[in-house]
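Take a look at the structure set out below.
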Amino acid sequence: MEGLFDHVGHFGRFQAYIYFASAFQAISCGIHYLASVFIAVTPKFFCRPPGNASLILFHNDSFSEFREVWDLWTSPNDYLIVQQEDGDIWELQHCSRFKRANNVDLMYKSDGNKTLFSCTDGFHYDLTNLDSSIVTDWDLVCDHEWFAKLVQPTFMLGVLIGAVFFGDIADRVGRRPIMWITSSCQFLFGVAVAFTFDYYSFIIVRFFLATVSSGYLVVVFVYVTEYIGIKARTWASMHIHAFFAVGVMIVALVGYLVRTWWIYQIILSVTTLPFLLCCWMLPETPFWLHSQGKYKEVEKVIAIMEKWNRVKSPCKLSEICTVEETKRDHAEDVKVSKNHNVFDLFHNCSFARRTISVWLIWFTGSLGYYVFALNSVNLGGNEYLNLFLTGAVEIPSYIVCCLGMDNLGRRNTLAPFLLLSTVICGVIMLIPEENSTVIIIMNMAGKFSIGTAFGLIYLYTAELYPTVVRSLAVGSGSMMCRLGSVVAPFCVYLKDIWIFMPQLLVGIMALITGILTLMLPETLGKPLMNTMEEAGKMLRKAENKRKPLAEANGVAMEKLDSATIDAPDV
């Protein structure tokens, strides 16, 4: 089937339409994946007193309104002294409040008797930079702090399930129906999140939003890969992730302009609408139709591509694939497509080693990607600018990656960037904490490096597996990737134990996977495989190439041992 692109063009007008229409929706995926950075933001807060305050003390300063205190409130150990209109004096802390027995002397520090009260009247929040978030609306602080911290991991759990579920279904029913369903549901669930009435409904709706967003991102990558020829496949596949990065930048921009979380959510979800107007016109991929034996439909798609790309000499499917090849591929594909599952990725030792290595690379890429992204808002400075830069830095990283993949190969680009991520993590750990500017710069460098590896693995996985299990391979890899994204927020929370603990974990995983990557085969310039038989032949060729080298190394070692034994004692 790869011969089709030599006939109709590797990236003609038709493929350009398919590509940009499909890739546009990846912006929404980037938006929803990181929207919680500002939806669940926790501002400064303290326990609310039971009545109206007439005078507020903070250290040596006095104030008449709570909003005047926030610029001075820098430590979680700080507290306020409030004298109410009825004369009562309250000591307000983050998660508790004390009523002083002495109502006469208004002093910041007092050794007199105090009565402890819980924060039954709610909390005062610093609304300088926002009007509301789910934290301020539902008081997700103190004993409920972990509810806010679970927002991102539960979303990524939905992403994990959606990746493997829709990846498998897309191999069975086709790429196009899944793109229709997931894109429509992405808009509906995205808007529905803004109208949830409590924390639990919010989590449930966002979970479903995560599954369809993940399903679309997995399937659209396979979809465009099967429509674009080898000559343009590298650049096109990498720039799918550039659209995702644009979504991250939009999150930062909209978060800066809109400070009410549910309005912010609606505006972000509206970006899905343009795609819904044209997604119904997208045809099924010829690769999937061919694997299902639907040859007449393949020829219809070829005819459409010829018309759009202005090919003057039409051809039939039989001129691209021989009859014997078509029948053999169909017999194999139909057999596997009816029974394939995740175990097909482990059907022999060579495939098992490949799958385990690929899964670990997916996990590490996602772990590093989200650790650097989520941690960017905690680095100091302007949190909106930091997140915007983490998205912007991905775009040049993909350009550099494309140049490397086309000139050095997939494996020889992926491994160095993973190892470079290890070095950058080590450098960050050596920088003094007070040098926040240098830490931010190195964090962006780490995002650049790990983002390159994270983007490359999508294409590399698609090229390592045949058509009948390609979506399943990408989907299962994406499942491991989402497992990494579920773990990533908890890694960021480990900075409370040691500020550089997230970088240490990412650096260790990047080192391990960088070494494993060197053992995978190179796919640069090789056609996409259609059947499991073709994949097996590719594995055998790779093993045959390694055998002479191993035998040569063995002979050399034997000669060295012999020379050592025969050498006279000194």
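The values are calculated or read from the model by the stated rules, or taken from the named source; none is laboratory data. Everything numeric in this text was worked out from a predicted model, so none of it was measured. Every residue, glycine among them, receives a Cβ derived from its backbone with ideal geometry; neighbour counts consider all protein chains shown. Surface accessibility is based on the protein's heavy atoms, side chains included, excluding ligands, DNA and RNA. Shrake-Rupley method; radii C 1.70, N 1.55, O 1.52, S 1.80 Å.
At-a-glance table
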read-out	value
Within region 1-84, helices (runs of 4 or more DSSP H) holding 2 or more residues that are over 30 Å from residue 281 (Cα atoms)	36-39
Residue under evaluation residue 134, criteria (1) under 24 Å from residue 382 (Cβ atoms); (2) in contact with a strand residue (DSSP E or B) (Cβ under 9 Å, 6 or more places away or on another chain), criterion not met	(2)
Among (1) free of Cβ contacts under 8 Å to residues at least 60 places away in the same chain; (2) open to solvent by 50 Å² or more (accessible area, probe 1.4 Å) - the single one residue 298 does not satisfy	(2)
Test: residue in region 271-286 that is farther than 28 Å from residue 465 by Cβ, of a type in the set (A, V, I, L, M, F, W, C), open to solvent by less than 40 Å² (accessible area, probe 1.4 Å) and in contact with a Leu (Cβ under 9 Å, 6 or more places away or on another chain)	no
In region 124-149, the residues that are at pLDDT 90 or above, open to solvent by 20 Å² or more (accessible area, probe 1.4 Å) and hydrophobic (A, V, I, L, M, F, W, C)	138, 147
Pair list, Cβ < 8 Å and 6+ apart or interchain, from region 384-396 residues that are within 16 Å of residue 130 (Cβ to Cβ) to residues that are part of a helix (DSSP H, G or I) and among the aromatic types (Phe, Trp, Tyr)	384/256
Residue match in region 15-32 (condition: more than 25 Å from residue 275 (Cα to Cα), β-branched (Val, Ile, Thr) and crowded, with 20+ Cβ neighbours inside 10 Å)	no
Helices (runs of 4 or more DSSP H) contained in region 157-264 and holding at least 3 residues out of contact with any strand residue (DSSP E or B) (no Cβ under 9 Å at 6 or more places or on another chain), open to solvent by less than 10 Å² (accessible area, probe 1.4 Å) and modelled with pLDDT under 85	199-225, 230-257
Leading residue by the ranking (nearest to residue 378 (Cα to Cα)) among those in region 45-58 that are open to solvent by 10 Å² or more (accessible area, probe 1.4 Å) and either of a type in the set (A, V, I, L, M) or touching a strand residue (DSSP E or B) at 6+ places or on another chain (Cβ under 7 Å) (or both)	45
Of the criteria (1) farther than 30 Å from residue 152 by Cα; (2) open to solvent by less than 80 Å² (accessible area, probe 1.4 Å); (3) touching a residue at least 24 places away in the same chain (Cβ under 8 Å), which one residue 61 fails	(3)
